[in-house]
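The values are calculated or read from the model by the stated rules, or taken from the named source; none is laboratory data. Quantities reported herein were computed from a predicted structural model and do not represent experimental measurements. Because the Cβ atoms are built from the backbone with ideal geometry, glycine has one as well, and the counts that use them run over all protein chains shown. Each accessible area value is taken on the protein alone, full model and side chains, heavy atoms only, with ligands, DNA and RNA left out. Shrake-Rupley method; radii C 1.70, N 1.55, O 1.52, S 1.80 Å.
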Amino acid sequence: MSAFAVIVLTGVLLSTSCALVGCFLVLRRMAMMADAISHAILPGLVAGYFLAQGPSALAGFAGAALAAVATVTLVEALRNSGQVGDQSAIGIVFPAMFALGVFITSRYYEDVHLDTDAVLYGNIEFAPFDVLIVNGINLGPQSLWVLGALNLLNLGFVALFYKELKLATFDPELAAVMGFSPTLIHYALMLMLSVTTVGAFTAVGAILVVAFLIVPAATAYLLTNDLKKMIGLAVLTGVLSVVIGFLFALALDASVAGAMATAAGALFALAVLFSPSKGLLSRQRQLQQQRQRVILENLVVHLLNHEHIAAESHEAEVSHLRSELRWSPALAQRTIRQAEHAGLVERHGDRLTLTEAGRALARQAQTRAERVHQ
C-alpha cells in the first residue's frame, strides 16, 4: 500500500469512528466535551511517560484514557452540584487538567520536548512510517490498526445500543420510565468518547480529533432530521473532508491535518448556506414566501370585506388599493399579477374581483386571525 493511500485511509478511519460518536454529542449539545477531553488527557500522557520511564504507546494510552475518564467524572460532578452550568463545568475542568499536565512537564521533565506540531496538528503524514511490530513481525501502519479497532468498537456500540442512545438523547424521561438509565447511557457514551479521543489523538493529534468529532456531525445535523441518515451523512462528510483536504494539501504543499480540518469547515459552511431545510438561503426564501403570502392574504381579505358594499365599490379599484394598503406601485402590480396567476382574483379593467379560491383563502386568513386574537 502506498504512503498516500495509508494517509487517506487513516483519515477515513478517523472520520468514521469520530462521526459515530460525534452525532450523539451534537444532538446532546455536548460538543465542547470533545475539545475538553482532547486537552485534558495531557496529565495522563505525562503519567504514562513516568510509569514507563520513557515513551510507551501502551502506557500513554492507558494514562490518557484514565485522564479522560477523570475529566468526564469531574465535569459531571460539577454539573450535578448545581453550582455551575454545563458549559461552565467543562470550561473549569479541562483548562485545569491541561494546566496540570503543562506544570508537571515543565517542573519534572524539562528535557522532554513537547512538539506542538505533533500534539496539536498531528503527524498524519507520518502514519505510513509508524508501524506496529509484534514479535519481530511488521504488521503495517499502527494508525490503521488503532483506528480500525476504534471503528469496530464504535460501530458495535452504536449498533448494539442504538435504541437506548436514541431514546436517552431525545427523551431521557421516557427512557427512564421504560427502564433505561439515562445516566448509565450517558456515562457509556462518555467512555466511548474518551476511548475514541485518546486512540485517535495518539495517531493524528488534537485538531483532527476535535474537527472530525464535531464538524461532520454538525454538518449532517443541518441536512436531515433522521438520526440514521444523520449518522450516514456525517460519515460521508468526514470521508469527503479527508479526500478533499488531502488533495488540497498536496496541491499547496500544506499541512495535511490542517487542510482536512479546513475542508470539513468548508463543507459545514456550504451546509449552513444551502441546507434545504435549515440553510440561511432556504430560510431567507421561506421568509420571502411567507411575506408574499401575507401580502396576498391582505389583498383578498380587503376585497372580501368590501365586495358586497356597493357604496364602496371603488375599494376594488387597483388605483385605490395602492393607497388603502399603502403599497408602492411596483408592489401592487407584482402582487396583483401573482394573485391572478394563482387564480385568486380576476381583473376587469381597473377593478378586481375575487374567485372562489380567493374567497376561500380570505376566509382562512380571517379565521386564523380570529384564533390568534382569542
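So, R0 is 56 Å and r is the distance between the beta-carbons of ALA5 and SER328; what FRET efficiency does that work out to, to 0.05?
On the way: r = 62 Å, r/R0 = 1.11.
Once the sixth-power term is evaluated, E becomes 0.35.
Leaving out ligands and nucleic acids, note down the accessible area per residue over the chain with a 1.4 angstrom probe, in whole Å². Could you put the intermediate results ahead of the total?
Numbers: 19530 Å² over 374 residues.
Ligands and nucleic acids excluded, the result is 52 Å² per residue.
Under a plain spin-label model, where a point goes 7 Å from the Cα along Cα-to-Cβ, how far apart in nm are GLN292 and ASP350?
Using points 7 Å along Cα→Cβ, the separation is 2.8 nm.
Given the rule -39500 (n - 2.57) for each run of at least 4 DSSP H residues, summed and divided by the residues of the chain, what is its mean residue ellipticity at 222 nm, to the nearest 500 deg cm²/dmol? Walk me through the numbers on the way to the answer.
Values: 16 runs with 279 residues, N = 374.
The helix contribution divided over the chain gives -25000 deg cm²/dmol.
Quote to one decimal, in nm, the extra length available between ALA176 and ARG359 on full extension: 0.36 nm per residue of separation minus the C-alpha distance between them. Before the final figure, lay out the partial values.
Numbers: separation 183, 0.36 × 183 = 65.88 nm, distance 5.10 nm.
This chain segment gains 60.8 nm when fully extended.
May I ask for the angle, rounded to the nearest 10°, between helix 206-223 and the longest principal axis of the chain, with both axes built from Cα atoms and the value confined to 0 to 90°?
Computed tilt is about 20 degrees.
Could you work out the relative contact order of the chain? I mean the mean sequence separation of Cα pairs under 8 Å and 6+ apart, divided by the number of residues, in percent.
Details: 482 pairs, mean separation 68.4, N = 374.
In percent, rounded to a whole number, it is 18.
Remind me, what semi-axes does the range 184-257 give for its equivalent ellipsoid, largest first in whole Å, using sqrt of 5 times each Cα gyration tensor eigenvalue?
24, 19, 7
Would you mind telling me the share, in percent, of accessible area of the chain contributed by carbon and sulfur at probe 1.4 angstrom?
Details: 12460 of 19530 Å².
Heavy-atom surface of the chain belonging to carbon and sulfur, 1.4 Å probe: 64 percent.
Treating the angle as unsigned and between 0 and 90°, give the value, to the nearest 10°, between the Cα long axis of helix 57-81 and the longest Cα principal axis of the chain.
With both axes taken from Cα atoms, the answer is about 50 degrees.
Where the eigenvalues come from the Cα gyration tensor of the range 334-374, what are the semi-axes √(5λ) of the equivalent ellipsoid, largest first, in whole Å?
Working: eigenvalues 116, 18, 15 Å².
They are 24, 9, 9 Å, listed from largest to smallest.
Principal axis lengths of the range 224-275 from Cα atoms, whole Å, largest first?
39, 20, 12
Mind checking the log10 I(q)/I(0) for the range 124-191 at q = 0.16, 0.21, 0.25, 0.27 Å⁻¹? Debye, one equal scatterer per Cα, no solvent, two decimals.
-0.65, -0.82, -1.01, -1.10
To test your reading of the geometry: what angle, between 0 and 90 degrees and rounded to tens, separates the Cα axis of helix 280-306 from the longest principal axis of the chain?
Its long axis makes an angle of about 20 degrees.
Just to verify a number: what accessible area does TYR187 come out at with the full protein assembly present, 1.4 Å probe, Å² rounded to tens?
Counting only protein heavy atoms, the figure is 90 Å².
On the Cα set of the chain, report Rg and Dmax in Å, please.
Both quantities, over Cα of the chain: 29.7, 103 Å.
Taking the Cα atoms of the range 234-374 alone, what are Rg (to one decimal) and Dmax (as a whole number) in Å?
According to the Cα coordinates of the range 234-374, Rg and Dmax are 25.2, 80 Å.
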